[in-house]
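Here the structure is laid out as structure tokens; the discussion comes afterwards.
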Amino acid sequence: MTSTRRFTNREVAEHIRLIGDILLIKGENRFRILAFQNAAESIANLTQDIYALHAAGELQTIPHVGKSIAADIAELLETGQIAYLEELKREVPLGVVEMMQIPDMGPKKAAKVWQELGITSIAELRAAAEAGKLRALPGFGAKSEEKILKGIELLERRRETRLPLGVARPLALELAESLRRALPPAALDRIEPAGSVRRWKETVGDLDLLATLGPAGDAETVMAAFRRLPQVAEVLVSGATKTSVRLANGLECDLRLVEPRHWGAAWQYFTGSKDHNVALRELALKQGWSLNEYGLTATGKGSAAAGEERFFTTEEDLYHFLGLEWIPPELREGRGEIEAAREGTLPVLLTEADILGEVHGHSTWSDGTASIAEMTEAARRRGYRYWVVSDHSVGLGIVGGLDEERLRQQAEEIHRLNAHFAAAGSDFRLLQGIEVEILADGSLGLPDEILARLDVVVASIHSSLRQDRETITARCLRAVRHPHVHILGHPTGRLLGKREPADLDIEAVLQACAETGTVVEINANPARLDLNDIHARRAVELGCKIVINTDAHAPAEFDLLTYGVATARRAWLTAADVINTQPAEAMLAQLKGRR
């Protein structure tokens, strides 16, 4: 049987992870379970298309994928299913596996309620808990039932309230600032975001704030002020060191107070992803130390006496003690950063200060809210040395797109502004570009002779995003291979939390960009963050150059650059990988070899 369905890397990872989850329910060998879990994580974070690896016979080059799991993957890609997984699904209902997502509902409890009470879904579990039927089971009780019901409610809220980073991060900073304002001036020494927000993950399921008391602070005063913040809708639990609340938008937020001597370990612990923290704990154990949010405790298997403790006021001290370079938060995802930190090969990551200008932004000539002069002034205030006016072309019906005549008029305005800068002794430079629409058949919204006269051509897809994979990929490839297209803008067309990415063969598109010299955009608008970090890292591996643009439609939107830079940092990118870290002439020279 040949499969007609094409799986994404994440869908393949979900199949492999499901095998591990079912084996957990069955109580199988721990190392066998870990093999599937680790392989699934590697596949989910894979930067290459798994079909290409399969075609090349290189599935076993994926970390943690051995001969047996490679055979399972190959079977899935070729036939659309894994016989071993189908057999497991006949043994254990999928609803039982789903129950493990409930907080405090591990595999043993899920197996017990299934085997003892015949419960095979979260809905059935909720009904049994509400009816008081769980408390008769060994190891359960009335409190267990209450916990399970709260856990189900929490799971449902998490599924509903995962927020884009562009909403969650400002909220976390607002909460921290609101708490400072609600307290005496010296009540807090410091308060910082942790968790997904600090790692700049594109979506966030909950917020974590970490704080230390100042000379005028005490725990009860701080926690009471936190509970009273106007953003708080419900207090879930509150104590001297931790308060958990539900915010008005449904997101949960934890505030933790830690001692200054524990700060380094705590900030690391509550920032790192699960995979990063597990790997760090394993490294510490090999060196004879047990790591938790307070610090290190000697196990007695190393040079230190059992029970000896080490505390760290900074993360840097903790990482250095374990023989590692400090690892930037954006890299703490379990993607090889610990090995690189041990070997001293972590990249010097891109910073906002490296960006010298942007090549994709809009004015009132199309759908922007500010004139070219106003946008230029905002760019200059940021310290930019150039800005490319790239309004929409005709061909996109929802905005006032530019045709040949309006582009000529716009060019005159740009020329006048550049003459003004030169007369004032400024080296700031405006360039003229266009965001040309990639039409449904892959042709462009403007004729070649017009595109040839522009400094920069950004080609983007805004419409017909639900075309089938083959059609939209061919459409994108035609644009990428066009001789006058310099940049592929926000390639997948996604809007986080609102619109799924187009079903694009991103590997084929990135390979074509590498072959043609077409630069790939990381669109910094937090509603997009497109390319994402995994695809951006793959693009550079293939030989592509990246550009980071805010796609600003208003002066304030230049401030969104920080999100694009963070995405690039999550992709391990350096200044050398990004063309707008260079002066205008050098940047232009990299656009398909322009001179």
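Points to keep in mind about this one:
- Any pair with Cβ under 9 angstrom, 6 or more apart, that starts in the range 574-590 at a residue that is modelled with pLDDT under 95 and ends at one that is in a helix (DSSP H, G or I): Gln590/Ile579
- Checked across the range 78-86, the condition of being surrounded by 14 or more Cβ atoms within 10 Å (Cβ to Cβ), closer than 26 Å to Leu155 by Cα and over 29 Å from the mean Cα position of the chain (by Cα) holds for at least one residue.
- Matching residues, the range 139-154, being crowded, with 17+ Cβ neighbours inside 10 Å and not β-branched (Val, Ile, Thr): Phe140, Ser144, Glu145, Lys147, Gly151, Leu154
- Verdict on Gly397 being of a type outside the set (Phe, Trp, Tyr), at pLDDT 95 or above and in a loop (DSSP other than H, G, I, E, B): no
- Of residues in the range 1-28 being at pLDDT 90 or above and part of a loop (DSSP other than H, G, I, E, B), the one surrounded by the most Cβ atoms within 10 Å (Cβ to Cβ): Glu28
- When the test is whether a residue is assigned to a helix (DSSP H, G or I), of a type in the set (Val, Ile, Thr) and under 28 Å from the mean Cα position of the chain (by Cα), Ile43 passes it.
- Condition check for Ile69: at pLDDT 90 or above and among the β-branched types (Val, Ile, Thr): yes
- Only one of the numbered conditions (1) surrounded by 16 or more Cβ atoms within 10 Å (Cβ to Cβ); (2) of a type outside the set (Lys, Arg); (3) outside any strand (DSSP E or B) is not met by Trp387, and that is (3).
- The helices (runs of 4 or more DSSP H) found entirely in the range 484-594 that carry 2 or more residues being closer than 28 Å to Gly383 by Cα and among the polar types (S, T, N, Q) are 561-570.
Table: residues versus (1) of a type in the set (Ser, Thr, Tyr); (2) touching a Pro at 6+ places or on another chain (Cβ under 9 Å).
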{"site": "Leu496", "(1), (2)": "no, yes"}
{"site": "Thr518", "(1), (2)": "yes, no"}
{"site": "Val540", "(1), (2)": "no, no"}
{"site": "Cys544", "(1), (2)": "no, no"}
{"site": "Pro555", "(1), (2)": "no, no"}
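- Considering residues of the range 300-333 that are among the aromatic types (Phe, Trp, Tyr) and assigned to a helix (DSSP H, G or I) only, the residue surrounded by the most Cβ atoms within 10 Å (Cβ to Cβ): Tyr319
- Filtering Leu496, Leu439 for residues that are on the phi < 0 side of the Ramachandran plot, surrounded by fewer than 20 Cβ atoms within 10 Å (Cβ to Cβ), in contact (Cβ under 8 Å) with a residue 40 or more places away in the chain and among the aliphatic types (A, V, I, L, M) leaves a single hit, Leu439.
- Selected residue (only one of Ala136, Ala186, Ala127, Ala123 is modelled with pLDDT of 90 or more, in a loop (DSSP other than H, G, I, E, B) and surrounded by fewer than 14 Cβ atoms within 10 Å (Cβ to Cβ)): Ala186
The values are calculated or read from the model by the stated rules, or taken from the named source; none is laboratory data. Not measured: the values here are computed from a predicted model. Counting neighbours? That spans all protein chains shown, and the Cβs are built from the backbone with ideal geometry, glycine included.
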